[in-house]
Amino acid sequence: MTGNGSQPETGERGRQGYAVDAASERATLDAVASATAAGVVVVEDERISFSNASVERYLGREPGELTGASVGTVCPGRVVEAIATVADGGAERTVAWRPPGANGNDGADANTAADGNGADADGTPGAVDGGVVATVSPADGERVVVTLTRGGRGGEWPSDDGVARVALDADARITDWSAGAEALTGWSAAEAVGADLSLLYPDDAVADPEETLASARNGEPVETEGWRLRRDGSDFWASVSVTPRRDASGGIAGFDLRLRDRTDRKRLADERELLAAVDHAIADADGFREGVETTLEAVCAHTRWAYGEAWVPADDGDSLEHLVGHAESERLAPFLRASRSVTFPFEAGLPGRVWASASSEWIPDAAAESASVFHRTAMAEEVGLQAALGVPIETEDGVVAVLTFFLRERRAADEELVEAVTDVAADLGALMARKRAEEDSRTFRKAVEQAGHSVYVTDTDGTIEYVNPTFERVTGYPAAEAVGADPSILNSGEHDDGFFADLWETILDGEVWTGEVYNRRRSGEVYVVNQTIAPIVDGSGDIERFVAINDEITDQKRRERELRSQRDSLRRIKQIIESLRPINRELARADTREAVDRGACEGLAASEAYLAAWIGDYNAAADEIAPRGWAGVEDDFVEGLDLGLGGDPDEGEGDAGVETGGVDDLYRRAVADGEVQAVRDLTTAPTGGPRRERALAHGFQSQAVVPAVYGESVLGVLTVYSARPDAFDEYERGLLAELGERVGHAINAAENRQLLHTDTVVELEFAVGACDSPTAAVAGELGCRLSLNGVAPAATGHVAYVAVDGARPEAVAEALAERDDVTGARVVEAHGETGVVEVTGGADPVAALVEHGATVRAFGTTGEVATVRCEIAPRSDVETLITAVEAAGEDTVFTAKRTRDRNVRTVELTRTAVEEQLTDRQREALALAYHAGFFASPRHSTGEELADVLDIASPTFYRHVREGTRKVLELLVDAEDAPPTDITFSRH
């Protein structure tokens, strides 16, 4: 492999625009030279570099024997001298000699030389009968072309040696016509003498006779050349020597002309020039159409073709259409214009037949052919086109186009013209193939350059030779640094030697290797690619290079890990949900605080997700948590817990010196924020004292603290342990937060049930200052009395129904609505300066009483201070309740406590029976409807308004009211039919 591996480093520029070797050059020259019977020899540095097949007739040796031979061993000395002279910049020379044995002479002393015009001093040619004439012509550089011809036909040369001698008078009329002239032109002396010299000039001659003689009239000999006309209408290229004749007075008496037939030489030169012109045109062409167009122009300019055109397959794929054409004269323009709209079915017309046969076809006179043979007969006849030639343009894929050329004369098949055009067609085929290859190469390179995949190419030793821009972007290595390096610069160390041994074994066997590879960027970051390495082979199948295509899948692998993690999380969540479902059922059935504690702890400890759980009360006064129930651990594990929470969770260490951020911090934050807190890995968590060590000793890997929340209050704390490391993610904490709310509601419900089912209650009384109660503040501002008719739960907090006396209810609602801590105020009923106002929100201590299970029995204020009286069950934690209420305000003070018997009214409807029948939502809807005057006539509140309070749809509210009412009525009707009992019935 030389150069860049795609072309040789040496060789002349060939016709296709790429470098060719000597064999290709020989084939090219032979294709050109074979158009003539003359022998052609190319000499370079005194050695023969090329000879055509015809040289064997003149030199007696085959071309293969001559290539590389010294001209001194092949040609006579005078020819060698002529070659040296011409190579040094001399003019063309002609040398004649008689080969050994010609006319009985061995030729040893028969070599003669002619002057530059090919004649000796007396005007006779230098060749002798049966001899060989060598015309030595300069070529490009120091190369010389030697053209060999015979000195005569049948062993005898004409007496004029092929020279036509013509004498003219001063008016350019022919006065003498030699036998050589008759032989050359076909005109007899009788026909020629007396005629004008224009007899020899074709209609389209570049120069007329007068122009030829003009310089000679000045008395100087003239040498010229050009196309001349024979009697049969054919033309020949003549070299013309014009010498003036003078009379006695020195004036011009006439002219002597000598004409020689140089057609073969002219055509050979034209073909060389044509091929060179076509080579340049094709090399400079940007595409096939442009290459064809410039080729047609070059062919018509350097040959006798008057018109040329190209035909290619039409879009329908069933015919040929006109691609481009060229006319040498405006006279032929109509034929060109008309041809543009013509199509030829395959196998029809000249282009169609050439396409189908993939071979050339010559028509001597297209204008004389029938329309079935030549479809454009009339058009050709109209503009004077006659002889026609069609040649195919072929590539490896077959015929791709057809060229057709026309002469303005009738002519039998001219092998020289056919050969020239065939060579041109071959060039165009090569052009198309090359352009296609170049386009494919550009497309491929562009695709590689713009590919989203990282691509690099190595030699067989693994040295990087090329990287695309994506490689630079992905790896961080610039091309200048990567090229010349080894792919090991990307080695991450993740793969062992066996991995790479298998890779190399696969690709060296000529197979494609594919696999996932962990690489390292220049920055040190590890990334993952799906890599494909394929061998690149040459024409013989040997491996030249390897190409590696790398599709980075780092994000994909990360997503796969995330999906696996999500699947694991979903399985865990399903497990947790299934574990919580029986706990929810237990909480719904629990009618005592003990049942709530037992249901929550035992349910969690029995699940597959957790190992143990314990629950405790939060005592705000002592700022500590007292365990009440547990499961999954021994008693001493819980009884030994010291859960004083002194300290601010947002400040350094607690009062007891326990480090924040440890296990104790979980409880402080859970109580303060009402949110689930967790340590996902106890082994790496900040120190939390002996409790953490004891948890680790029991096999606990993670811990969560779940506040039991009811409204804004934390009624207890539930602690859960798991053996799973990294347990309690965000979603799991959300599920446990919902469980904490259900536990809080269950605790509140249990406290209320306890209160409802006892004959003795504890009555507590509080004084609430105006700064803590928006209701007291408004009563003072308006000078009225406000009292509480009832409290019901709402979507956010609670809603209170306040009776108004001494002020317009609208004014009270407006004043309450302006308070920052009130979210809404609405007039439910108004009768002058009495009525009922619905109040939502507010930081009133009443909310704290309700959330801790107390029943508010009285609330009244005329301003400045409000008096609140509530009832709780005897077994309730009075101190915790008092602390919570006082903490809810700045100016709220506990004023009295008393124990008394309940005033129970006996009715035919038991509270227990109602509680068992109604759902929580039905009870809330009925209580809200009752207090809001929904059952009054006319109604004080609409169903839509009350649905908004509960944050539910109005149809849902109506359904709850209907279902709740139906259940209560069913109990009443059933009670009427039941026998008398000793049970005390009460109504709340």
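The values are calculated or read from the model by the stated rules, or taken from the named source; none is laboratory data. It should be emphasised that the depicted structure is a prediction, and the values quoted were computed from it without experimental measurement. Neighbour counts run over all protein chains shown; Cβ positions are idealised from the backbone, glycine included. What goes into the accessible areas is simple: the full protein's heavy atoms, side chains included, and nothing from ligands, DNA or RNA. Shrake-Rupley method; radii C 1.70, N 1.55, O 1.52, S 1.80 Å.
The single condition from (1) modelled with pLDDT under 85; (2) open to solvent by less than 20 Å² (accessible area, probe 1.4 Å); (3) within 20 Å of D176 (Cα to Cα); (4) not aromatic (F, W, Y) that I282 fails is (3).
No other residue among G790, G740 is under 26 Å from D951 (Cα atoms), within 60 Å of the chain's Cα centre (by Cα) and either touching a residue at least 24 places away in the same chain (Cβ under 8 Å) or open to solvent by less than 20 Å² (accessible area, probe 1.4 Å) (or both) apart from G740.
Those residues that are touching a residue at least 40 places away in the same chain (Cβ under 8 Å) and closer than 23 Å to A420 by Cβ, I need them from the range 353-382; list them, please.
Residues of the range 353-382 that are touching a residue at least 40 places away in the same chain (Cβ under 8 Å), as a first pass: 354-355, 358, 360, 362, 364-366, 368, 376, 379-380, 382.
Passing the criteria: V354, W355, A358, S360, W362, P364, D365, A366, A380.
The rows are residues; the columns are (1) of a type outside the set (G, A, S); (2) modelled with pLDDT under 80; (3) open to solvent by 20 Å² or more (accessible area, probe 1.4 Å); (4) over 22 Å from A749 (Cα atoms).
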position: T862; (1), (2), (3), (4): yes, yes, yes, yes
position: T867; (1), (2), (3), (4): yes, no, yes, yes
position: I872; (1), (2), (3), (4): yes, no, no, no
position: A888; (1), (2), (3), (4): no, yes, yes, no
position: F894; (1), (2), (3), (4): yes, no, yes, yes
position: N903; (1), (2), (3), (4): yes, yes, yes, no
position: E908; (1), (2), (3), (4): yes, yes, yes, yes
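Residue pairs whose Cβ atoms lie under 6 Å apart, separated by 6 or more positions or on different chains, with the first residue in the range 549-566 and without any contact (Cβ under 8 Å) to a residue 40 or more places away in the chain and the second surrounded by 11 or more Cβ atoms within 10 Å (Cβ to Cβ) and among the aromatic types (F, W, Y), are T554/Y527.
The set of residues in the range 591-641 that are assigned to a loop (DSSP other than H, G, I, E, B), open to solvent by less than 50 Å² (accessible area, probe 1.4 Å) and of a type in the set (A, V, I, L, M) comprises A609, A620, V633, L641.
When residues in the range 793-812 are screened for being open to solvent by 60 Å² or more (accessible area, probe 1.4 Å) and not charged (D, E, K, R), 1 of them pass.
Counted as qualifying within the range 297-366 are the strands (runs of 3 or more DSSP E) with 3 or more residues that are not charged (D, E, K, R), namely 307-313, 319-327, 343-345.
Taking G835 as the residue in question, decide whether it is free of Cβ contacts under 8 Å to residues at least 60 places away in the same chain, part of a strand (DSSP E or B) and within 60 Å of the chain's Cα centre (by Cα). When the stated conditions are applied, G835 does not pass them.
Looking across the range 799-824, the residues that are among the small types (G, A, S) and closer than 19 Å to T862 by Cβ come down to A800, A803, G806, A807, A811, A813, A815. Which one is nearest to A932 (Cα to Cα), of the residues in the range 813-842 that are touching a helix residue (DSSP H, G or I) at 6+ places or on another chain (Cβ under 6 Å) and open to solvent by less than 40 Å² (accessible area, probe 1.4 Å)? Only one residue tops the list, namely V837. T395 satisfies every condition listed in (1) over 22 Å from V537 (Cα atoms); (2) at pLDDT below 90; (3) open to solvent by 60 Å² or more (accessible area, probe 1.4 Å) except (3). Look at (1) under 51 Å from the mean Cα position of the chain (by Cα); (2) within 24 Å of H798 (Cβ to Cβ); (3) open to solvent by 30 Å² or more (accessible area, probe 1.4 Å) and you find that V706 fails only one, number (3). In the range 221-241 there is no residue matching the filter, namely being modelled with pLDDT under 85, in a helix (DSSP H, G or I) and open to solvent by 20 Å² or more (accessible area, probe 1.4 Å).
Quick check on E578: is it open to solvent by 80 Å² or more (accessible area, probe 1.4 Å) and assigned to a loop (DSSP other than H, G, I, E, B)? Step through it out loud before you land on a result.
Values: open to solvent by 80 Å² or more (accessible area, probe 1.4 Å): yes; assigned to a loop (DSSP other than H, G, I, E, B): no.
No; evaluated as a whole, the condition is false for this residue.
Restricting the range 453-480 to residues that are open to solvent by 60 Å² or more (accessible area, probe 1.4 Å) and free of Cβ contacts under 8 Å to residues at least 24 places away in the same chain leaves a set whose member that is farthest from D538 (Cα to Cα) is R473.
Here L580 qualifies as closer than 18 Å to A737 by Cα and among the aliphatic types (A, V, I, L, M). Count of the range 298-325 residues, restricted to those that are open to solvent by 40 Å² or more (accessible area, probe 1.4 Å) and either among the hydrophobic types (A, V, I, L, M, F, W, C) or more than 21 Å from R228 (Cα to Cα) (or both), is 7. Scanning the range 200-220 for residues that are farther than 19 Å from R262 by Cα, crowded, with 19+ Cβ neighbours inside 10 Å and either without any contact (Cβ under 8 Å) to a residue 40 or more places away in the chain or within 60 Å of the chain's Cα centre (by Cα) (or both) yields one hit, A216.
Among residues of the range 405-422 that are in a loop (DSSP other than H, G, I, E, B), those with a Cβ under 7 angstrom from a residue that is among the basic types (K, R) and open to solvent by 60 Å² or more (accessible area, probe 1.4 Å), sequence gap 6+ or separate chain, pair up as L407/R304. Of all residues in the range 762-770, none are out of contact with any strand residue (DSSP E or B) (no Cβ under 8 Å at 6 or more places or on another chain) and either surrounded by fewer than 19 Cβ atoms within 10 Å (Cβ to Cβ) or of a type in the set (A, V, I, L, M, F, W, C) (or both).
From P364, P334, P351, grab the single residue that is in contact with a Lys or Arg (Cβ under 9 Å, 6 or more places away or on another chain) and under 30 Å from D203 (Cβ atoms). Show your work before the answer.
On the way: P334 fails: in contact with a Lys or Arg (Cβ under 9 Å, 6 or more places away or on another chain); P351 fails: in contact with a Lys or Arg (Cβ under 9 Å, 6 or more places away or on another chain).
From the options P364, P334, P351, the qualifying one is P364.
Within the range 942-967, being of a type in the set (A, V, I, L, M, F, W, C) and open to solvent by 50 Å² or more (accessible area, probe 1.4 Å) holds for one residue alone: A953.
Condition check for L971 on (1) modelled with pLDDT of 85 or more; (2) open to solvent by 30 Å² or more (accessible area, probe 1.4 Å): one failure, at (1). Applying a threshold of 9 Å to beta carbon distances and a minimum spacing of six or more residues, or different chains, the list of pairs starting in the range 694-722 at a residue that is under 16 Å from T880 (Cα atoms) and modelled with pLDDT of 90 or more and ending at one that is outside any strand (DSSP E or B) and basic (K, R) reads A708/R742. Residues that are part of a helix (DSSP H, G or I) and polar (S, T, N, Q) were ranked within the range 916-941; the one that is surrounded by the fewest Cβ atoms within 10 Å (Cβ to Cβ) is Q917.
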